[in-house]
């Protein structure tokens, strides 16, 4: 069984196309669960009227992405052999998307999660021929990015294969991996309200020996968003919290912590108010992040190979400080 978890927040305009695509899926056994983050629009009314088979949980507050998905995962009560598809309401899946990811997930026991080729939708909601993501890469600095982002769809992204991780907009996670990473139930870090929760999962899963697969024939369309101002500082802080949780001790001491401190200093000088917000967010969550550190099941050398692999992947997303 595949459980499809959708977190909505004022998503009424996106839901018809999203659910039409779900009804057209060729995979035979799915169950849809929706958590609404206290929407002020007609999201819940639309689901009740047009998708009565979906299980709807109406939240009284906005839990954000990760905490809401954690609720849905717990409600799904996943069993061995099940999988959970974290799906953004603005994502539109081609009919074979779920089947392609399921085939990839079940190909080998150590493939813990999978993603397809996510293509961009323009402001008018129609595809614009550009790639949103062909999987995640991760650099030593902790900067995670979408492979192919902003580039034209081409043969470069036509071959399936292993990638570092998967964007949470339409990623399929194996139940066994979820249980392994989150025995207490918090698969996504609840301290991360929005942004970088998926790349944190990528890193944690990699450290425990799981592999991620990019299925090029699984196509979906996604609008996405770019955080600005306060949310941008939250996204950066979340990336650095993930570094503190997951980087090897040597790298943390000689590279990552000096890098983070220098970045915070530059932010404080360039944009004092946003820099202060970044520092407050980061240092207030520091003890909790350090407490979550776990012993890795893979070697530091293996992770360094992934950093080098990621550095070679094409993307229009820039890792420099000026972009952050």
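The values are calculated or read from the model by the stated rules, or taken from the named source; none is laboratory data. Not measured: the values here are computed from a predicted model. So basically every Cβ, Gly included, is an ideal-geometry build from the backbone, and we count neighbours across all protein chains shown.
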Among the residues of the stretch 52-73, the number that are free of Cβ contacts under 8 Å to residues at least 40 places away in the same chain and either outside the structural domain of residue 16 (by TED's automatic domain parsing) or in a helix (DSSP H, G or I) (or both) is 1
Just one listed residue, out of 282, 290, 278, is loosely packed, with under 14 Cβ neighbours inside 10 Å, in the same structural domain as residue 236 (by TED's automatic domain parsing) and either within 18 Å of residue 252 (Cα to Cα) or modelled with pLDDT under 95 (or both), and it is 290
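Test residue 137 against the stated conditions and say whether it is at pLDDT below 95 and either part of a strand (DSSP E or B) or in the same structural domain as residue 165 (by TED's automatic domain parsing) (or both).
No.
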Any chance the stretch 154-168 includes a residue that's over 25 Å from residue 103 (Cβ atoms) and not assigned by TED's automatic domain parsing to the domain that holds residue 308? no
Just checking, does the stretch 122-132 include any residue being crowded, with 22+ Cβ neighbours inside 10 Å and in contact with a helix residue (DSSP H, G or I) (Cβ under 8 Å, 6 or more places away or on another chain)? yes
Apart from one, (1) more than 24 Å from residue 187 (Cα to Cα); (2) touching a strand residue (DSSP E or B) at 6+ places or on another chain (Cβ under 8 Å); (3) assigned to a helix (DSSP H, G or I) all hold for residue 49; the odd one out is (2)
Counted residues in the stretch 247-289 being under 26 Å from residue 182 (Cα atoms) and touching a helix residue (DSSP H, G or I) at 6+ places or on another chain (Cβ under 6 Å) come to 7
Going through the stretch 293-315 in order, the residues found to be out of contact with any helix residue (DSSP H, G or I) (no Cβ under 9 Å at 6 or more places or on another chain) and surrounded by 13 or more Cβ atoms within 10 Å (Cβ to Cβ) are 307, 309, 310, 313, 315
When the stretch 188-213 is checked residue by residue, the ones that are in contact with a strand residue (DSSP E or B) (Cβ under 6 Å, 6 or more places away or on another chain) and in a helix (DSSP H, G or I) are 199, 202, 205
